[in-house]
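A.B. asks: This is the structure I want to talk about, given as structure tokens.
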Amino acid sequence: MQLGTRWTSGDEAPKAVPEALRRGVASVDTAVVNDDLGQPRPRWTLTWLEGKPIAELDTGVIVTLDDDGEPVVRHDPEDGVA
């Protein structure tokens, strides 16, 4: 069993996050705009499904790995974010 973890967007990903997934997360983090009013940055959640890592940002952005181990970024259609 592998346990997930959480961390704040823009912070270094925990060691439990595979390197390829870290690259995808980092690409998303560079696009997250800082809130000048001081709102906290969204948080990532790392989970594992059938042994594969999934990182989901509170905004509905999801980073997974394709069959070649490369990061894939998509949006969760259930969250209502366009």
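The values are calculated or read from the model by the stated rules, or taken from the named source; none is laboratory data. These figures come from a predicted structure and were not determined experimentally. Positions of Cβ are backbone-derived with ideal geometry, glycine not excepted, and every protein chain shown enters the neighbour counts.
A.B. asks: Looking only at region 38-71, count every residue that is hydrophobic (A, V, I, L, M, F, W, C) and touching a helix residue (DSSP H, G or I) at 6+ places or on another chain (Cβ under 7 Å) and tell me the total.
C.D. replies: Qualifying residue count for the region: 6.
A.B. asks: Enumerate the pairs (first residue in region 47-64 and of a type in the set (Gly, Ala, Ser); second residue anywhere and surrounded by fewer than 16 Cβ atoms within 10 Å (Cβ to Cβ) and in a strand (DSSP E or B)) with beta-carbon separation below 8 Å, excluding pairs fewer than 6 apart on the same chain, so at least 6 apart or on different chains.
C.D. replies: Ala55/Thr45; Gly60/His75
A.B. asks: Going through Gly38, Gly69 one at a time, which residue ends up being in a loop (DSSP other than H, G, I, E, B), exposed (fewer than 10 other Cβ atoms within 10 Å of the Cβ) and among the small types (Gly, Ala, Ser)?
C.D. replies: Gly38
A.B. asks: If I filter region 65-82 down to residues being in contact (Cβ under 8 Å) with a residue 24 or more places away in the chain and aliphatic (A, V, I, L, M), which single residue comes out as nearest to Gly10 (Cα to Cα)?
C.D. replies: Among them, the one singled out is Val73.
A.B. asks: Further, regarding this structure: Sort out which residues of region 5-35 are assigned to a helix (DSSP H, G or I) and either surrounded by 13 or more Cβ atoms within 10 Å (Cβ to Cβ) or not small (Gly, Ala, Ser) (or both), and write them in order of number.
C.D. replies: Glu19, Ala20, Leu21, Arg22, Arg23, Gly24, Val25, Ala26, Val28, Asp29
A.B. asks: Which number in (1) touching a Gly at 6+ places or on another chain (Cβ under 6 Å); (2) at pLDDT below 95; (3) not β-branched (Val, Ile, Thr) marks the one condition that Asn34 misses?
C.D. replies: Just one mismatch for Asn34, condition (1).
A.B. asks: Give the residue that is nearest to Ser9 (Cα to Cα), with candidates limited to residues of region 41-61 that are outside any loop (DSSP other than H, G, I, E, B) and touching a Pro at 6+ places or on another chain (Cβ under 7 Å).
C.D. replies: Leu57
A.B. asks: Of Gly24, Gly60, which residue is more than 19 Å from Leu3 (Cβ to Cβ), touching an Asp or Glu at 6+ places or on another chain (Cβ under 7 Å) and not aliphatic (A, V, I, L, M)?
C.D. replies: One residue alone meets the criteria, Gly60.
A.B. asks: Of the conditions (1) surrounded by 14 or more Cβ atoms within 10 Å (Cβ to Cβ); (2) of a type in the set (S, T, N, Q); (3) in a loop (DSSP other than H, G, I, E, B), Thr64 clears all except one; give me its number.
C.D. replies: Every listed condition holds for Thr64 apart from (3).
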